[in-house]
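The block underneath contains the structure these notes are about, expressed in structure tokens.
Derivation of every value follows stated rules applied to the coordinates shown; laboratory data play no part. Everything numeric here is computed off the predicted structure, so don't read it as measured data. Heads up, the Cβs are rebuilt from the backbone with ideal geometry, glycines too, and the neighbour counts pull from every protein chain shown.
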């Protein structure tokens, strides 16, 4: 059986497991800058 | 024979359990490590494109940093003003949308979001009988050689090509097309 | 505590201004122009006046970022399922702070004195770590890894870009991060464990620590981090039934180890003994992964070659690198002294009968034995034996290893220990079966000798068990293990197939037949 200390650690690990890191968390944000900004219809892809 | 977990009977126990509850013996019998999204037969190193402990595969190509000459970083140059970009632009051939293949037009439409190039590409696609479906948010054209199966006042039904931006291919599909869902000719600015 | 009046507000205001500059004037890679104007504001506001004020300023900025992220994630939870856009919004203030800190480190002091830069880096890392631990203790199960994770990994990336200033303090940067990650080991901050593994398994981190640092300077630090991870996993992996959070962590660890095995096998070779002490005995595949590593420049002969003559391989004369202080691990000092005395003179006569006691730590089932001590003992006795044989101008063989004080010890352990102890002892022997080397050859002989000369089937059965369980597990399988097992089942001298335990159940018979088929 787990010792009390390990049981507590496990509870924290279990909670953290609900919020696993995603790959984007470790990547630079890629900012695309329009060279010639122009208002495009909202139904066009925006990103 | 040894009658506890440390002999052959102990080994037999987890072999038997593996047939009914493989998760219980995952440590003892292990995983198929070739199914963890890594190309273990690669001759090149894996780490430069490693997607991390929970990645399903390698990182996307655009996330792999590589040192390039400063002049290539056009986005950085733009931040500091347009002088450099303007000087480069003057040396480039003018855009001729009607000369570009469909692939390039779709690339421009999906990549240059919020930019005049997106509108120009949309305009040229319209000229080539592609129509943008405002609800499906996808480009459609009639499949050549296949006539419409059904036609009403406000709609038609038949085979069409949809352009899928994920696979980057035209995919044929039967579809009911409502005319009011299609975008009219895009307004292309005159000075470009 | 006791911030001077207005300092928190001033710091927040300055930081918000920096974020604005970072977003509008900076770029993903370059914020020099924004920094050039902002540094005047920092100076004018007195933030850079003293160590104490800079520390408080950093603290305020980090707390601001953390609070932004918590608010962002909570807002997302309250409305829609979390979208990538919401998450990227959380990155902005963190990235801005990281950029500011990187630029401060770059510009502090002058280029001839690097110490102020290193001090500033370590100060910032320490503050992040302190706030992380505090947040972890306060928030408990609501703790969010994201802000701290991104602070560390983005700062690491910024400081490891190609830059002449950062290049001069490259090793200290790596040492700073390794040190702080060791302090934040999963044993200490279990709620951060997934982000922690994401950092040490990050491709840039692996590149810097294992590939690019000259002369393998950072290998020992990276080894320590992996040991922190294994030690954390130990209690959970000792139970066969893995809970989902543990299974996720274990799989992530395997992925990282696989990359290291593929790209840096020499690292696993060098630190093999460290890892074997930390990997629980029931993690057979993970252990095999470490044991399967062989030096990059080595070509392994096919273990299934007919009539493979192990002793004729040139590599059999070469010992593997042992970076562990094996002799120093044999404690207490009296035990070590008695051991050395017994090896030389077979005295004191009570040594063998007391051997078991020295290896036991408790009476609790499953933790009775000091496994690192047992591993060290086996390795120590084995290497002493190899040296003794060589000193006589001989090479290890079935005849030269027999009837020696060294073999007395091994035979005594095989006979005198209970089933658990014997299992662990045989594991310690099997742990030496790696790539072709003097150790692999010698310990292969020891195992085969014990099998052949045992007067009880129990020893033979447990030898079989230890070897077979390492073979039935999914790949990889160490070269030395395959060669030893093939020899055992092919060489009629061992009468392997005559033993009852080989035929004890249909599944076992099938298993042996299947393994024998692939071996032959």
Just order C:32-41, C:387-396 by mean Cβ neighbour count inside 10 Å, highest at the front, would you? C:32-41, C:387-396
With only alpha-carbon atoms counted, please give the Rg and Dmax of chain A, in Å. 21.8, 65
Tell me, what is a quarter of the convex hull surface for the C-alpha atoms of the stretch C:1-154, in nm² with one decimal? 9.9
Intensity falloff of chain C expressed as log10 I(q)/I(0), Debye formula with alpha-carbon point scatterers, at q = 0.07, 0.10, 0.11 Å⁻¹: -0.52, -0.87, -0.97
Hey, got the average number of other protein chain Cβ atoms within 10 angstrom for residues in B:109-117? 6
Fewest to most neighbouring Cβ within 10 Å: what's the order for B:163, C:512? C:512, B:163
Treating only the Cα positions of chain B as identical point scatterers, give the base-10 log of I(q)/I(0) from the Debye formula at each q in 0.08 Å⁻¹. -0.57
The stretch B:80-192: relative contact order as a whole-number percent, Cα under 8 Å and 6+ apart: 20
Is it possible to state the helix-based mean residue ellipticity at 222 nm for chain C, with each DSSP H run of 4+ residues giving -39500 (n - 2.57), the sum divided by total residues, to the nearest 500 deg cm²/dmol? What is it? -21000 deg cm²/dmol
Return the FRET efficiency for the residue pair residue B:102, residue C:75: r is the Cβ-Cβ distance, R0 is 35 Å, and the value is rounded to the nearest 0.05. 0.25
Scattering profile of the stretch B:115-184 from the Debye formula, Cα beads only, expressed as log10 I(q)/I(0) at q = 0.11, 0.12, 0.18, 0.25 Å⁻¹, is -0.27, -0.32, -0.70, -1.26
Rounded, prolate or oblate: which fits the stretch C:456-498, taking a ≥ b ≥ c as square roots of the Cα gyration tensor eigenvalues, rounded meaning a/c under 1.5, else prolate when a/b beats b/c? oblate
Compute the distance from the alpha-carbon center of the stretch C:122-151 to that of the stretch C:285-359, in whole Å. 43
Per residue convex hull volume, Cα atoms of the stretch C:1-62, in Å³: 83
Where in the stretch B:120-149 does the label zone of residue B:185 land, with the point 7 angstrom along Cα→C-beta and an amide N cut-off under 18 Å? B:120-133
Rounded to the nearest 10 degrees, what's the angle between the helix C:405-416 long axis and the longest principal axis of chain C, both from Cα atoms, 0 to 90? 90
Which value results for Rg/Rh of the stretch C:70-199 when Rg is the Cα radius of gyration and Rh the Kirkwood radius based on the inverse mean 1/r? 1.01
Give me the inter-chain shielding for C:295-305: mean count of other chain Cβ atoms within 10 Å, whole number please. 0
Pairwise Cα inverse-distance average, inverted: Kirkwood Rh of the stretch C:325-401 (Å): 13.7
Which of C:318, C:256, C:502, C:446 has the fewest other C-beta atoms within 10 Å, and how do the rest follow up to the most? C:318, C:502, C:256, C:446
Taking the simple approach of a point 7 Å from Cα along Cα-to-Cβ for both residue B:146 and residue B:68, what is their distance in nm? 3.9
Checked the stretch C:352-484 with the C-alpha gyration tensor, a ≥ b ≥ c its square-rooted eigenvalues, rounded below a/c of 1.5, otherwise prolate if a/b is larger than b/c and oblate if not; verdict oblate
Give the shape of the stretch C:232-382 as rounded, prolate or oblate, defined through the alpha-carbon gyration tensor: a ≥ b ≥ c are the square roots of its eigenvalues, a/c under 1.5 means rounded, and otherwise the shape is prolate if a/b is larger than b/c and oblate if not. oblate
Rounded to the nearest whole number, the Stokes-Einstein translational diffusion coefficient of the stretch C:124-218 at 20 °C and 1.002 mPa s (Kirkwood radius, C-alpha pairs) in µm²/s is 155
Test of understanding: express the Cα radius of gyration of the stretch C:166-226 as a ratio to 2.2 N^0.38 Å, with N the residue count. 1.09
Test of understanding: ordering C:106, C:287 by Cβ neighbours within 10 Å, fewest first, what list do you get? C:106, C:287
Defining a contact as two alpha carbons under 8 Å apart and six or more residues distant in sequence, what relative contact order in percent does the stretch C:320-414 show? 28
Could you grab the relative contact order for chain C? Cα pairs under 8 Å, six or more apart, rounded to a whole percent. 10
Cα convex hull of the protein assembly as shown: how many Å³ per residue? 238
